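Peer 1: One structure coming up, written as C-alpha cells, with questions to follow.
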Amino acid sequence: MKRLGRIGFIFLAIYLVFIGGSAYYTLFFPVRVLHHVLLTALLALWLFGRLRRGQSLPVTPLNLPLLAAAGVWLASALASDDPRMALENLWFQLLHVLFFFILVDMIQRGRQRLLLETQFMLGAAVVFLSGLELVSWYFGLGIIPGTQAGWVGVTGLPLVLPRLSLAMNISTLLAGYLVPLVILTTGWALTVRRRDFRVVLGILAGLLALILLMTGSRGGILGILAGAGAFTTLRLSQSERLSERISGRVIIGAALFAGAVLAAGFMLWSVRESGTRDFGDAGRLDMWTSAIEMTRDHPITGVGATLFGRAFRDYRDSALVQDKLVSAHNAYLNTAAETGLPGILVSLWLGGAFVLAWWHKRQTARGGRQIRLETTFAGLVGMGIHSLVDVFTITPIVLLMLLLAAYSITRPGSRLDQPPQTPRWAAALALLAVLGYGAWFIQIDRAQSAYQESMKGTETALEHAREAAYLDPALNLYTLQIAYLMGQDVLAMPHSDIEGAVRAYQIALEREPTWDTGWINLAALTLRQGDDIHALEYLDTARKINQRNTANLYWAQLAETLQAAPDDEIMVAYQNAMLRGVNRSLPLADFWRATPLRRAALERFLAEDLPIDLQYRILSTFDAERAAALVPDTPQTAAEWWVAGEYALTAQNDPDSAIQCFSQAIALRPTYGDYYVSRARAELHANPEAARHDLDIAALLTTIDEYPYAVRAELATTPEEALTYRVSALPPRQVRQEFPAALYGRGAQLDVFPEMRTIGPGRAAMQPWYTVAEGRLLNGQIDGAIAAYRAILDYAPDEQEARDRLSALSATPSEAQ
C-alpha cells in the first residue's frame, strides 16, 4: 500500500507539472475540467481527513502573512473592474497556498526524501523531453511541431541552435523552472552521502544547466548567476575567521548583494552586446512604467489581483502593443500594480518572516543540512532576481518555489511527531473554499462547454453562444462571441439582421471597450449600412487602442476618400500600416500606389532607415530604374550582395552571376533563410538538385520575404505535386488570439472580417493561387475555381483581379465554363 501511495504521488506530481498545471489547462477544455474535478476532490479529501483526525493546517512562521496575503487578494479582486475573472484566476493562487501547507506537513512527517526524489525525477523528465525536442529537431522526426525536416540530411551540422521550450511550452517558463532546480540539484549533489547518487545528481545538474543555456533566456542567466553568487557568499561566510566578525544580517545582505552584482554585470554585458534595445525590451519598459502608473492610480486596492493584463490595455503605448501580456514582467511591480500598497506591505512581511525563519534554521544546522539550507535559499534568490524581468505564476514553478521555502523553514520530523496545528476553523474555512470553488466550476464549465460548441461553425453556433452567456453572464467573452457570430451571419447572408449585429457589437464594446477587433468589425458593419462617418469614428477608436492592427490602414483609406483628415495625418496612418508586425509582408501590392497619398506614404516609408535589400524589393515592383540605382558596384554586406544577385537574375537574366552573388550573401549571413530561396530561384533550371538542397536549408531556417513552396512547385515532377506546393505557397494567415487568452484564459475565433484584413503580399506572391484557380477553370471545376478566388480575397482583400474574376464566374458560371 505504501508503494502504491508513493507511485501515486509521483504520477500526481507529473500531472501537476506537465499537464494540469501547464498551458494545456488553457489550450484543452477537457484538461481544464479534469483539473477542476481532480484537485477539488483531492484537496477536499485531504482537508476533510485532517478535520476527522482532529488536525488542522500546520503551524509555520508564514501562516499570518499568508492569511493576510489571501485577504488582500480577495479584497483586491472584489474591488476590481472584473471580479468574475479575478476570482477565477485566484483559484490557482489559493491552491498554491494549500500546496505549501501540504508540503510542510509532509516534511514534518518525515516525507522530505519523497519530495526531493520526486523533484529530481521531474528534473530528469525535463531532460528527457528536452532531449526528445533536440533529437526531433536535428533528425527531422516530426515528433515536435515544426520539425518535419531535420539538419542531419541537409547540412549535417546545424547553422542555428534551437531555443528549447517543449517541457514547459515556452522557453522563458522553462528557464524559470530550471534556475532554482539547477541550484537545488547541485546542492544535493554536494551533500548526498552515496557516491553513485552524487554522480547521478551531478550529471543531472549539468544537463539541466545546459538546457537552461539553450532556452536563450537572459533572465534565466541572471537568475542562475544570482543564485550562484548567493550560495558562494553563504559558503564563504562559514570561514571561522569571517563568521566571528560578521553578523547574520550582514551575511544575508552580502549573499543578496553578491547575487545582484553578478546579475547586474551580466545584464550590462548583454545590453552592450545587443547594441540597441529591441521591440521586446521597449515593451518591457512600457510594462514597468505602466505598473508604476497603476500603483499610483490605485494605491489601496490595486487594479485587481491577477488582472494586470486587463488594466494594462488602458495604460500601454499603443505603438508597442502585445495583447498576450498578462503581467508586468517584474514580480515586484506586478504585485504593486495588482494589489496596491497592502500587497507591497504583505509581501515585505512574508519575505521578512521567511528570511528570519530560514536564518534560525541555518544557525542550528550543521554539515550537509546547513549546505542544503543555503542551497534552497540560493535557489530562491535566483528566482527572486529572475523575477525582476519575468513573473512566474504557473503551478510547476510555484510548486518548486514552495518546496524550497517549505524545506528552508521546516524541521524534518517523523510520523510519530505531533507538530502544532492551527485552530480547526482554518482547515474548515479552507475546505469550504475548495468546495465552493468546485461547485462554481460546475456551472462555469457547463458554460464553457456550450461556448466550445459555438466555435464549431454549425447552424446552432449562435444558440450555444447564447446558452453560454446565460449560464455565465458575468464572463464578457460570451457576449463578444454572440456579437461575432451575428456579424458572421451578416457576411454569409447580406440580407440578415444587420441592425441586430450592430447592436450586439455595441453591447459587447460597452462591456469591453478595449476590444479593438470589435471596433474594426463594427466599422465594417456600419460601412455596409452606408454610415461612413460612424465607421471612421470606430476605426479611429480601434487605432488608438492598438497601432498594430488594421485600423490605421482602413481609417486612412476611408479618411482619404471622405477627405476627413489632414493629408499628413492620413499618410502617417498609411506608414504605420506598412510596418513589420502590422502588415505581414512588405508594401509590394498595387494597393500602396493606387492614390497620391498612398504613393507619398510609400515614399516616406522608403526614406526611412530600411535595409537596402528591402528597398530593392519594394522599388523593383514599380520603378526599375530606381531599383537599379541601388545595385552597388562593389558589394560589401550580405544585403548588398543579395541586391546584386537579384538584379543579375531578374533584370539581366544572368543566373550564373546571380548564384555567385547569392553565395556571397549566404557566406556573410548563413542563417538567413531568404538568401537560400533566392539562390534556389537562380539554380532552378541549371541545377535542380542544388535548388532543392537550398530550399531544404531555407525550410530549417524559416523565411520572411521569399516563398519556398512557390519555387518547389516549379521543381515538381508531377501535376499533383505542383498543385500541393502551390496551395501551400503562402504562409498561413495568423488569427490573433492574444486578447481572449490574456483577458479570459480561453481560446477564441474573434477574427477581423475579411474586408478589414491586411493588404496582401502583391500579385507576384499570389501567382501560385491564381495558377490553381486557372487550372481548375481549364478542367471545368467552376466551384473549385470560385473557392480559389475566394481564398485569394480572404488572404488579400486588395486583389481586385480575383474580385473581378469571381464576379464574372458568379454571374455567368456556364459561360465561364
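The values are calculated or read from the model by the stated rules, or taken from the named source; none is laboratory data. Keep in mind that this is a model prediction, so the values were computed, not measured. In this analysis, Cβ positions are derived from the backbone assuming ideal geometry, glycine residues included, and neighbour counts consider all displayed protein chains. Quick note on the areas: whole protein, heavy atoms, side chains included, nothing else; ligands and nucleic acids left out. Shrake-Rupley method; radii C 1.70, N 1.55, O 1.52, S 1.80 Å.
Peer 1: Could you calculate the FRET efficiency of Arg6 with Gln421 from 1/(1 + (r/R0)^6), where r is the beta carbon distance between them and R0 is 22 Å, rounded to 0.05?
Peer 2: My answer for the efficiency is 0.30.
Peer 1: Using a 1.4 Å probe and counting only protein heavy atoms, arrange Asp654, Asp694 so the residue with the most accessible area comes first.
Peer 2: So the residues, ranked largest to smallest area, are Asp654, Asp694.
Peer 1: Of Trp425, Trp46, Trp555, which has the most accessible area and how do the rest follow, probe 1.4 Å?
Peer 2: My answer, sorted largest first, is Trp425, Trp46, Trp555.
Peer 1: Across every pair of different alpha-carbon atoms, what Kirkwood hydrodynamic radius in Å does the range 478-565 reach?
Peer 2: After inverting the mean inverse Cα-Cα distance, the result is 12.9 Å.
Peer 1: Can you bin the range 673-734 into rounded, prolate or oblate? Criterion: square roots of the alpha carbon gyration tensor eigenvalues sorted a ≥ b ≥ c, rounded for a/c under 1.5, prolate for a/b above b/c, oblate for the rest.
Peer 2: Note, shape of the range 673-734 comes out oblate.
Peer 1: Take the solvent-accessible surface of the protein heavy atoms, probe 1.4 Å, and return the percent of it on the chain that carbon and sulfur atoms account for.
Peer 2: 60 percent
Peer 1: Need one number: the % of Cα-Cα pairs in the range 321-460 sitting beyond the 24 Å mark.
Peer 2: Of all Cα-Cα pairs in the range 321-460, 57 percent lie more than 24 Å apart.
Peer 1: Expected output is a single nm value to one decimal: the length gained when fully extending between Ala282 and Asp568, i.e. 0.36 nm times separation in residues minus the C-alpha distance. What is it?
Peer 2: Taking 0.36 nm per residue and subtracting the Cα distance, the gain is 100.3 nm.
Peer 1: Ok, one more. Assigning unit charges at the beta carbon (Lys, Arg +1; Asp, Glu -1) and nothing else, what dipole magnitude in debye, to the nearest 20, does the range 521-638 show about its Cα centre?
Peer 2: 400 debye
Peer 1: Please report, in whole Å³, the volume per residue of the convex hull around the C-alpha atoms of the range 37-88.
Peer 2: 94 Å³
Peer 1: Also, quick follow-up: On the full set of protein chains, 1.4 Å probe, figure out the accessible area of Thr186 and give it in Å² to the nearest 10.
Peer 2: Accessible area, nearest 10 Å²: 60 Å².
Peer 1: Considering every pair of different Cα atoms, what Kirkwood radius, in Å, is found for the range 415-562?
Peer 2: For the range 415-562, the Kirkwood estimate is 18.0 Å.
Peer 1: While we're looking at this one, here's another question. Starting from the Cα gyration tensor of the range 725-817, take the square roots of the eigenvalues, sort them a ≥ b ≥ c, and report rounded, prolate or oblate (rounded when a/c is under 1.5, otherwise prolate if a/b is larger than b/c, else oblate).
Peer 2: Cα axes put the range 725-817 in the prolate bin.
Peer 1: How much accessible area does Met214 have with a 1.4 Å probe, in Å² rounded to the nearest 10?
Peer 2: For Met214, solvent-accessible area is about 40 Å².
Peer 1: For Phe139, Phe128, Phe605, Phe197, what's the largest-to-smallest order of accessible area, 1.4 Å probe?
Peer 2: Sorted descending by solvent-accessible area, the residues read Phe128, Phe139, Phe197, Phe605.
Peer 1: Any idea what the dipole of the range 387-460 comes to, in debye rounded to 20, about its Cα centre with Lys/Arg Cβ at +1 and Asp/Glu Cβ at -1?
Peer 2: So the magnitude is around 360 debye.
Peer 1: So, one more: Take every Cα-Cα pair in the range 558-625 and report what % of them are more than 14 Å apart.
Peer 2: So the portion of pairs separated by more than 14 Å is 58 percent.
Peer 1: Right, next: State, to one decimal in nm², a quarter of the convex hull surface area for the C-alpha atoms of the chain, i.e. the direction-averaged projected area.
Peer 2: Its average projected convex-hull area is 39.8 nm².
Peer 1: Also, quick follow-up: Under the Kirkwood approximation applied to all pairs of distinct alpha-carbon atoms, what is the hydrodynamic radius of the range 557-683 in Å?
Peer 2: Across the range 557-683, the inverse of the average 1/r is 15.8 Å.
Peer 1: Find the all-direction average of the projected area of the Cα convex hull for the range 276-387, expressing the result in square nanometres with one decimal place.
Peer 2: Mean orientational projected area (the range 276-387, Cα hull): 8.7 nm².
Peer 1: With a 1.4 Å probe and every protein chain left in place, work out the accessible area per residue of the chain in Å², rounded to a whole number.
Peer 2: Here the per-residue accessible area is 46 Å².
Peer 1: Based on the Cβ-Cβ distance of Thr724 and Ile612, what FRET efficiency does E = 1/(1 + (r/R0)^6) give at R0 = 41 Å, to the nearest 0.05?
Peer 2: E between Thr724 and Ile612, to the nearest 0.05, is 0.70.
Peer 1: Please state the charge dipole magnitude for the chain, taken about the Cα centre, from unit charges on C-beta atoms (+1 on K and R, -1 on D and E), reported in debye and rounded to the nearest 20.
Peer 2: With Lys and Arg at +1 and Asp and Glu at -1, about 5720 debye.
Peer 1: State the answer as a single residue: which of Thr526, Leu579, Thr561 lies farthest towards the positive end of the charge dipole of the range 462-595, with beta carbon charges of +1 for Lys and Arg and -1 for Asp and Glu, about the Cα centre.
Peer 2: Going by the Cα projections, it comes out as Leu579.
Peer 1: May I ask you to derive the FRET efficiency for Ala791 and Leu429 from their Cβ-Cβ distance with R0 = 60 Å, giving the value to the nearest 0.05?
Peer 2: 0.55
Peer 1: Can you give the helix-only mean residue ellipticity at 222 nm for the chain, where every DSSP H stretch with n ≥ 4 adds -39500 (n - 2.57) and the sum goes over all residues, rounded to the nearest 500 deg cm²/dmol?
Peer 2: -23000 deg cm²/dmol
Peer 1: Now for a different question. Hey, got the Cα dimensions of the range 291-336 along the principal axes, in Å, largest first?
Peer 2: Between the extreme Cα coordinates on each principal axis of the range 291-336 lie 29, 18, 14 Å.
Peer 1: So what's the angle, to the nearest 10 degrees on a 0 to 90 scale, between helix 331-364 and the longest Cα principal axis of the chain?
Peer 2: Roughly 40 degrees, rounded to the nearest 10.
Peer 1: Compute the long axis of helix 673-683 from its Cα atoms, compare it with the longest principal axis of the Cα atoms of the chain, and write down the angle in degrees, 0 to 90, nearest 10.
Peer 2: The helix 673-683 is inclined about 30 degrees to the chain.
Peer 1: Pairing the Cα long axis of helix 476-492 with the longest principal axis of the chain, what angle in degrees results, from 0 to 90 and rounded to the nearest 10?
Peer 2: 20 degrees
Peer 1: Place +1 on the Cβ of every Lys and Arg and -1 on the Cβ of every Asp and Glu in the range 17-166, take the dipole about the Cα centre, and give the residue among Leu45, Leu27, Gly156 whose Cα lies farthest towards its positive end.
Peer 2: Leu45
Peer 1: Rounded, prolate or oblate, given the Cα gyration tensor of the range 6-54, with a/c below 1.5 counting as rounded?
Peer 2: Oblate, since a/c reaches 1.5 and b/c is not below a/b.
Peer 1: Here's something else I'd like to know. Measure out, as a whole number of angstrom, how far apart the alpha-carbon centroids of the range 675-741 and the range 9-84 sit.
Peer 2: The range 675-741 and the range 9-84 have Cα centres spaced 48 Å from each other.
Peer 1: For the chain, build the charge dipole from Cβ charges (+1 Lys, Arg; -1 Asp, Glu) around the Cα centre, then report which of Cys661, Ala773, Ile442 sits farthest towards its positive end.
Peer 2: Value: Ile442.
Peer 1: Length gain on complete extension for the stretch Tyr24 to Asp497, per 0.36 nm per residue less the alpha carbon to alpha carbon distance?
Peer 2: This chain segment gains 166.5 nm when fully extended.
Peer 1: Then there is this: Lys and Arg at +1, Asp and Glu at -1: add these up for the other residues within a Cβ distance under 9 Å of Asn549 and post the number.
Peer 2: Within the 9 Å Cβ shell, the charges total +2.
Peer 1: Further question: Starting from the Cα gyration tensor of the range 1-118, multiply each eigenvalue by 5, take the square root, and state the resulting semi-axes largest first in whole Å.
Peer 2: Equivalent ellipsoid semi-axes, largest first: 26, 21, 13 Å.
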